[in-house]
Every structure is written in C-alpha cells, then in structure tokens.
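What follows is a set of notes on a single structure, which appears directly below.
What follows draws every value from the coordinates through simple rules; no lab data is involved. What you see is a predicted model, and the numbers here were worked out from it, not measured in a lab. All Cβ positions, even for glycine, are placed from backbone atoms using ideal geometry, and neighbour counts span all protein chains on display.
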Protein chains: 2
Amino acid sequence: MRNKTRLNNVLKDSLLELLGKRLNFSAAICDRHGQGESHHPGMAPEAVAFARSTEEVSAIMRLCDEHNCPVVPFGTGTSLEGHVAAVAGGLCIDLSEMADILEVNDEDLDCKVQAGVTRKQVNQHLRDTGLFFPIDPGADASLGGMAATRASGTNAVRYGTMRDNVLGLTAVMADGKIVKTGGRARKSSAGYDLTRMLVGSEGTLGIITELQLKLYGIPEAISSAVCSFESLEAAVNAVMLIVQSGIPVARIELLDDVQMDAVNRYSKLNYAVAPTLFFEFHGTEASVAEMAERVGEIVHDYGGGDFQWASRQEDRNKLWQARHDAYYAGISLRTGCQGWPTDVCVPVSQLAACILETRRLIDEANLIAPIVGHVGDGNFHVLFIVDTENEDEMERAAKVNTAMVEMAIGFEGTCTGEHGVGLGKKKYLVREHGENAVGVMRAIKQALDPKGLLNPGKIVPEL
Amino acid sequence: MRNKTRLNNVLKDSLLELLGKRLNFSAAICDRHGQGESHHPGMAPEAVAFARSTEEVSAIMRLCDEHNCPVVPFGTGTSLEGHVAAVAGGLCIDLSEMADILEVNDEDLDCKVQAGVTRKQVNQHLRDTGLFFPIDPGADASLGGMAATRASGTNAVRYGTMRDNVLGLTAVMADGKIVKTGGRARKSSAGYDLTRMLVGSEGTLGIITELQLKLYGIPEAISSAVCSFESLEAAVNAVMLIVQSGIPVARIELLDDVQMDAVNRYSKLNYAVAPTLFFEFHGTEASVAEMAERVGEIVHDYGGGDFQWASRQEDRNKLWQARHDAYYAGISLRTGCQGWPTDVCVPVSQLAACILETRRLIDEANLIAPIVGHVGDGNFHVLFIVDTENEDEMERAAKVNTAMVEMAIGFEGTCTGEHGVGLGKKKYLVREHGENAVGVMRAIKQALDPKGLLNPGKIVPEL
C-alpha cells in the first residue's frame with residue numbers, strides 16, 4: 001500500500017546531502033522497514049535513513065519538520081502490533097547503526113547505550129563484569145524499541161519492565177530538539193517524569209536515541225525447573241498461590257498443551273504435551289533452595305509433576321531458548337500461515353478465569369492458537385495461527401481477540417500487557433481508559449507533535 | 001502575604017451553595033493551609049474547601065475554571081518545598097475528609113484509597129490481612145500528597161518509591177474533567193503513562209482524588225540493627241559496597257554525629273554520638289539471617305561496631321520512631337529556629353564524596369545542619385537549623401544548598417531525590433534537565449492547564 005508522496009524532492013536532496021548512501025530508496029529495504037513480526041499488513045515508507053548519532057537524528061527531524069514529512073523510528077522490526085507501518089508514508093529512521101555501548105558504570109549498576117543496541121548485545125558486552133540487563137521480550141530487540149513499546153517479558157515478575165529499568169533517555173522531539181530526561185540517580189522528584197512519558201510512547205512523542213539503563217548483579221545461584229500439570233486450571237491456580245505468597249521467583253512462564261506440542265516439534269524436545277510451568281529462581285545458594293522448596297510444595301498441592309531441573313547454564317539456555325522459540329514454534333504449526341499474537345494482562349486473581357475462558361473461545365471458534373504467558377504478572381498471550389487470506393478465519397480471530405480484551409478490561413486489567421498499542425489495540429484504548437484519559441493523551445500528543453509527524457496513526461485513536 | 005482577590009463573589013456564592021460550612025474563610029484555617037513543614041514563608045489561600053468526593057472536587061474545579069480562580073490541593077501539609085503556598089491566592093482544596101479505604105484486594109496485593117487516607121491509616125486498616133504498604137516518608141502524610149510529590153523514604157531501596165507503587169489514579173483535571181489512569185494489572189503497554197505523569201506533578205497537572213496502590217505481604221521475618229562508625233567516610237563506603245553487592249536490604253539509613261546527638265536528646269536514647277547506620281532486613285528467617293551475616297561482614301571490614309539488634313516489633317518501632325523523629329530532633333537543637341530541609345540524590349559511587357564535601361561546606365559556613373540519608377538509594381538530606389530572621393545565616397544556608405545541588409547534578413544526580421520541586425528547587429530545574437526538557441514540561445503544563453490554575457508557580461520555572 002502506498003500513500004501520496006510526503007518526501008518531496010527538496011527534502012530528498014537535503015537528506016541525501018546529509019546522509020549520502022545512508023538514505024535508501026530500494027523497494028526491498030523500504031518494504032522490510034514497514035513490516036513488523038505479525039499479521040499486520042506492511043506499509044512501506046518512501047525511504048529509509050540509517051542514522052548514526054543523536055545529532056544526525058535531530059538534523060533529519062528538523063528537515064522533516066520543515067517539509068511536513070512523517071517519520072517512523074525503526075529498531076529491529078520485531079514489534080507485534082503494526083508499530084512500524086508507515087501509514088502516512090514518509091521517512092523511516094533506522095537506528096540499528098547506533099549500536100555503541102557508551103558507558104558501563106559497574107559501581108553504580110548502570111550503563112548508557114545507543115538506541116540500536118540489542119538486549120543480547122548489551123549482555124554479551126557485560127559478560128565479564130558480573131552484571132546483566134534482565135529485560136527479555138524474547139526477540140533480540142533493540143533497547144530503544146523495547147523502551148518505546150514498554151517491553152517486558154519473562155523476567156518482569158522479578159525485575160520489572162522497561163518502565164522500571166530506564167533511568168534516563170535522550171530523545172529527539174518533533175521539532176528536532178534534543179531532550180535529555182532523568183539521569184543516573186536511582187530516584188528523583190525533580191519535575192514531570194518525562195522518562196516514563198517517552199517509555200511506551202511508541203515513537204509518537206519523540207525518537208529515543210540513547211538510554212541509561214539499570215543493571216543487576218548476576219545472581220550467585222540460578223536454577224530453572226519445568227513442571228507439567230493435568231489441567232490448565234491447576235497450573236494457573238498454582239501460579240496464583242505462588243504470587244500471593246510473595247515468593248520472589250525470577251520467571252514463571254505458562255505454556256499450554258497446544259504450545260508444548262509446538263515447542264516439542266520445533267525445538268526437537270520431548271516434554272509432556274500438557275499445561276506446563278517453566279520457573280527460574282535467582283539468589284544465593286540458600287535462598288534459591290528455599291524458594292524452590294516452597295514453590296515445589298505449592299506445585300505438589302495442585303497436582304503438578306516433579307520438577308525437571310536445569311542448573312547448568314547450557315541446560316538453562318536450552319530450556320529458555322525453547323520458551324523463546326514459542327512464537328516461531330507456533331507459526332510452524334500450519335505451513336503458509338502467519339502469527340497474530342495478542343496479549344492482555346489481568347489482576348492475578350482473575351488469571352485462571354481469564355485463561356480458561358480464552359481457551360474455550362478459541363476452541364469454540366475452531367482456531368489454532370497456543371497460549372503462553374508471563375503468568376507471574378497476570379500477563380498471557382494468544383498466538384492465532386491464521387491464513388490471512390481467509391476472511392472468515394480472520395474474522396473469527398478478531399472476535400476472540402476483542403472478547404479477550406473486553407474480558408481483561410472488565411477485570412480491571414489492560415488490553416496489552418507488553419506488546420503495545422500500535423495499530424492493533426488502538427480501538428480498545430477508549431474502552432480501557434475512558435474518553436477523558438484518551439483526551440489527555442491526545443492533548444499531550446498535540447502539544448508535543450502539533451503537525452502529527454511522529455509515527456502517525458499509532459496509539460491515540462482519531463477523534 | 002496576600003494577593004489580589006481571585007475568589008470573586010459569584011464564585012464564593014456558588015461554592016457556598018455546593019459546600020455550605022465546608023467552605024472556610026477563617027484566617028487561622030487559611031494560614032495553616034498555606035504553610036508546609038519547612039522554612040518557606042506561608043502564603044494563605046483566600047478560602048479552604050473541604051471536599052468529600054471526586055465528583056465534588058470536579059464540581060469545585062469546574063467553577064474555579066469558569067472564574068479563573070487558582071486552586072491548591074492540600075493533603076496533610078507536611079511537604080517541604082513550599083508546595084502548598086498559595087502564591088497566586090485563590091482556593092485551597094483540602095482532601096483530608098476524603099479518607100475512605102475503598103477496597104482491599106488481598107488476593108492481588110492491591111488496594112484503592114481516597115487521596116486523604118494517610119500511610120499510617122492504610123497500614124492500621126491492613127493490620128489483620130498480613131499485608132502492608134511500604135512507602136514511608138517519615139511524616140504521616142496523605143497518600144494523595146505522597147503520590148503528588150513522588151515521595152519515597154526509608155523503604156524505597158527495597159520497595160521503590162510512589163512512582164513504582166501506584167497502579168492507577170483518579171484525578172480531576174484543570175477543566176473539572178475526571179480522568180482515570182492505569183488499572184489493577186501489574187503491567188500495561190496501553191498508551192501514554194498518565195499515572196507516572198501525574199505522580200510527582202505536585203498538583204500542577206491534576207488533583208489526585210483516588211489511588212490504586214500495590215501492597216506487599218508482611219515479611220515472615222524482620223530484623224533491625226544499628227551500627228556506629230568512626231568516620232562518615234567509613235559508614236558511607238560500607239553502604240556503597242552493600243548496595244553494589246546487591247544484598248536486598250529493606251532499609252539502610254545514615255545519621256551523622258550531629259544528627260545522632262540530636263536524636264539522643266530528643267528521643268532520650270543513648271546511642272554513640274558517631275556516624276551511624278540503621279538497617280532493616282525483610283525476608284524468611286533464613287534469608288534475613290543470611291543478609292545480616294553478609295552485611296555484618298562488610299560493616300566489620302569498614303571498622304563498624306557490633307550490631308545492636310532489634311527483632312521484637314516494639315524495639316523496632318522505637319528505633320524507627322527515633323529515625324523518623326530526626327527532623328523534629330534536628331529542629332529542637334536550636335530554640336526559636338526553623339528547619340530548612342533539602343535533599344539530593346546521586347549515583348551511589350559518588351555518595352561518599354558528596355556527603356563529605358557537604359559536611360565540609362556546612363562546617364565552613366558555620367551552620368548547624370545534621371545530615372541524614374536514605375543512603376541505599378544515594379539519597380541524603382541536610383537539615384539547616386536556621387534563624388529565618390538572620391539574613392546572613394539564610395544566605396549562607398542558601399549558598400550551601402546551591403553548592404550541594406550543583407555537586408549532585410555534576411555527578412549526574414538530581415536536585416531532589418524525594419522532597420519535590422515546589423518553590424524551593426524550581427531555580428535548579430533547567431540546570432538539571434536542560435532548557436529543552438524544561439520546555440517539554442512547560443508544553444505539557446500549557447496543554448493540560450492552559451489558564452495556569454492548578455497549583456500555580458510550582459515546578460515549572462517561568463520563561
């Protein structure tokens with residue numbers, strides 16, 4: 001799908017002068033930059049600018065502002081709700097060449113990175129320091145993109161989300177101005193929380209170019225365990241009691257039987273095809289043993305099988321790689337089909353009801369859709385495996401998606417725990433927050449991006 | 001100090017019709033509502049409205065909007081940077097009669113309260129549930145006020161600040177519209193983070209009327225310990241190593257020798273008059289013992305004395321009451337004088353340098369000013385005990401304050417870790433965040449409160 005040209009010749013020439021070969025017009029590059037990792041139809045930008053510094057992003061943005069050209073920031077293109085689709089055409093700013101780790105302050109447990117650094121890259125860089133960055137959304141996403149979509153993932157139950165782990169940011173605003181937010185202090189009451197305003201704003205308020213991140217000491221002891229259950233209900237009830245008991249488990253992941261089957265096939269494993277919990281415990285030797293014992297007791301009370309343990313790093317890596325491949329494993333269930341991932345998050349007391357009803361709705365609609373979840377947070381995902389050409393099937397998936405979202409909101413939960421709004425969840429925003437709160441979001445967007453140039457069409461529903 | 005009348009007769013009549021006797025014009029009441037707990041000169045509002053519901057606050061705000069009358073929200077008046085001073089006159093909205101605890105969801109570890117509920121009240125209410133709300137700024141402040149100033153206090157090193165512990169809010173905006181933000185899910189990526197925008201906005205963007213708060217299970221074991229050191233440097237270096245080791249201590253408080261002397265006198269205790277650390281450990285019996293042992297080793301390496309332990313609740317309460325009375329103990333050092341509290345927060349690696357230089361500056365300026373700190377976060381406070389009539393002394397205190405703030409900002413820290421900006425720290429905001437970021441704050445304020453009616457003159461410096 002193409003739009004009217006927003007990148008006029010004068011702007012093109014100015015950008016070429018600034019970027020030379022790093023301004024790319026090829027159809028293949030443009031197409032790839034308009035497409036995330038989900039079923040949302042791609043919408044290519046007119047060109048892609050590969051920026052190398054905050055100052056360069058600022059210069060690009062000043063030119064685009066002058067020529068009223070829309071801009072879509074791009075990290076690794078692993079987002080799931082159509083965030084990178086260039087719905088109004090214009091320019092994509094690819095930040096992947098901004099991949100320098102600028103500082104590691106091991107005494108203060110923080111580091112500063114450019115927005116294009118990925119989470120695996122930062123952990124690789126940190127490997128000799130005894131520190132790590134815990135946020136892990138599965139994909140090897142860029143940290144700028146993870147901040148922009150307020151990503152979280154498997155470790156969030158213990159370490160929080162990007163909201164909690166970004167100490168400060170550098171961002172380029174709609175007029176090209178460079179703004180620095182936050183700092184290196186662990187807390188501050190000095191004015192409006194611009195860091196948290198930009199985290200989760202999906203490139204609609206500013207383009208994040210640098211991040212100051214919290215780091216953590218690699219725990220003295222780490223242990224992972226897998227445990228299967230006879231029913232989904234028993235597994236989820238066990239999780240609820242573990243969370244309510246306040247046991248600080250680092251990861252509690254649920255995979256339902258459909259997902260376990262897919263994982264076994266895709267990753268050549270032989271786990272039981274049954275609802276399964278994956279756990280990870282972080283701490284001292286003694287505290288890990290204590291946590292594992294207490295969790296083991298709860299799991300046993302709910303009829304869970306014996307723990308299969310993985311304490312060696314290579315075994316743990318294999319286990320978590322299988323979990324992270326859940327998405328690709330799911331898609332491989334049906335050749336020629338695409339994944340439509342959706343996620344909601346509810347208060348943990350409603351988790352069992354919500355997941356069971358979701359499973360019922362999926363089966364009733366005759367869809368193939370594994371369920372996985374970061375259930376320690378009350379967050380779960382459905383991956384509809386759909387033939388996007390089949391209108392009836394797409395409609396059935398859309399209906400289940402809407403029913404899930406409405407159920408989650410009815411339980412005072414949210415239409416997305418970690419995937420973000422993008423294009424896919426826009427229509428639920430008023431239902432979740434109310435007209436007045438969405439009106440406040442619109443007022444902020446209007447104040448900071450009056451021409452609507454920053455990732456237009458995302459998050460805030462049109463009036 | 002009085003301003004021109006902003007509360008005209010038509011508005012007065014409308015408010016009287018709405019509130020009856022709950023609209024108060026008495027000088028004593030108005031004076032008390034224009035004065036926080038610090039040296040900042042009081043500025044009385046023209047009247048005080050005692051609101052009883054969100055809808056009533058909304059009705060009041062609609063009337064004030066119609067008549068261009070400034071409004072200052074008021075909780076308990078325990079803020080420290082002049083936040084409640086009615087610098088433009090107008091109406092104070094006192095929320096202390098909105099003191100209902102609306103729900104406790106013990107399965108989900110959350111509760112919903114009206115903004116006037118105080119932190120002690122909520123914990124008293126929760127006493128039979130096994131849950132508690134950890135944020136503890138010392139004063140028995142209202143939770144609405146704590147959210148508005150992004151308060152934290154002694155437990156923040158383990159449990160975070162109000163930023164981390166407010167799941168959602170109800171607020172009345174400048175035009176009287178009621179906005180609900182957040183929800184009860186533990187995480188969400190659904191749009192701009194309006195909760196975090198309002199937390200710390202000090203009543204300048206909206207009036208917080210209700211809060212959904214995170215709760216925590218009361219730990220199975222709690223132990224407190226006190227330990228004195230030969231030098232301030234040794235005490236702070238011990239803290240740095242404890243933090244860097246990632247030991248999850250619940251509280252690490254520093255009191256310098258001046259403060260310990262004041263505490264002994266005020267609370268009739270006989271601790272050593274030396275730099276002292278107060279610790280608290282939360283966890284299971286085993287993990288508390290393990291943490292205490294590891295902290296004990298570090299403390300010993302830095303020449304710290306033996307721990308004086310308090311494991312019984314009444315002993316712990318006595319210990320922490322002494323810590324919380326530090327402010328009043330400080331003021332009592334000089335009869336007829338007032339406290340000028342200030343706080344900064346720095347990366348923990350800079351804490352020793354920052355505290356030692358601050359002590360040197362205080363002594364050089366011949367001021368009486370104990371130092372206390374939530375040092376686990378890199379946050380410390382100076383309490384200048386000043387004769388506010390003595391211009392020379394006030395000027396010397398102001399100079400030390402500015403030097404502290406500039407040093408903290410130079411270390412990539414912040415001009416206030418938890419007291420907020422109010423009137424006192426406004427002049428440092430550009431120095432900390434830069435013109436561009438302050439410009440973004442101004443644009444948000446302008447968008448959401450175009451007439452400048454909400455707590456005017458606070459946070460955002462005038463152009």
Taking a label point 7 Å from Cα toward Cβ, how far is B:A99 from its twins in the other copies, in nm, shortest first? 6.0
Between B:Q244 and A:E406, with labels modelled 7 Å along Cα→Cβ, what's the label distance in nm to one decimal, could you check? 5.7 nm
Over the alpha-carbon set of the stretch A:9-94, divide Rg by the Kirkwood Rh and report the Rg/Rh ratio to two decimals. 0.96
Too long for a 30 Å Cα-Cα cut-off, among A:K451/B:K425; A:K399/B:K187; B:K112/B:K426; B:K21/B:K427; A:K180/A:K445, are A:K451/B:K425; B:K112/B:K426; B:K21/B:K427
Proxy reagent accessibility, fewest Cβ within 10 Å first, across B:D315, A:D392, B:D94, B:D261: A:D392, B:D315, B:D261, B:D94
What do you get for the angle between helix B:285-301 and the principal long axis of chain B? Use alpha-carbon atoms, 0 to 90 degrees, nearest ten. 70 degrees
Rounded, prolate or oblate: which fits the stretch A:306-371, taking a ≥ b ≥ c as square roots of the Cα gyration tensor eigenvalues, rounded meaning a/c under 1.5, else prolate when a/b beats b/c? oblate
Residues in the stretch A:420-463 that a label on B:Q446 would reach, taking backbone N under 12 Å of a point 7 Å out along Cα→Cβ: A:447-450
In what order do B:W309, B:W340 fall by count of nearby beta-carbon atoms within 10 Å, going from fewest to most? B:W309, B:W340
Expressed as a whole percent, how much of the Cα-Cα distance distribution for the stretch B:318-436 exceeds 22 Å? 33 percent
Rounded if a/c is under 1.5, else prolate if a/b is larger than b/c, else oblate: which is chain A, with a ≥ b ≥ c the root eigenvalues of its Cα gyration tensor? prolate
One checks the Cα atoms of the stretch B:101-217 and finds Rg and Dmax, in Å, of 13.2, 41
Between A:L269 and A:I218, 0.36 nm times their residue separation minus their Cα-Cα distance comes to what? 15.6 nm
Could you tell me which of rounded, prolate or oblate describes the stretch A:221-327, using a ≥ b ≥ c as the square roots of the eigenvalues of the alpha-carbon gyration tensor, with rounded for a/c under 1.5 and, failing that, prolate when a/b is larger than b/c and oblate otherwise? oblate
Which distances, shortest first and in nm, link B:N366 to the matching position in the other copies, using label points set 7 Å out along Cα to C-beta? 9.3
For A:K268, label point 7 Å along C-beta direction: distances to other copies, nm: 7.8
FRET efficiency estimate (nearest 0.05) - Cβ-Cβ, A:V430 to A:A365, R0 25 angstrom: 0.50
Under a no-solvent Debye model with one identical scatterer per Cα of the protein assembly as shown, what's log10 I(q)/I(0) at q = 0.06 Å⁻¹? -0.41
If R0 is 25 Å, what FRET efficiency do you get for B:W309 and B:T335 from their C-beta distance, rounded to 0.05? 0.10
How far apart, in nanometres, would the label points at A:E285 and A:M394 be if each is projected 7 angstrom from Cα along the Cα-to-Cβ direction? 5.8 nm
I need B:L232, B:L143, A:L277 ordered by Cβ neighbour count within 10 Å, fewest first. B:L232, A:L277, B:L143
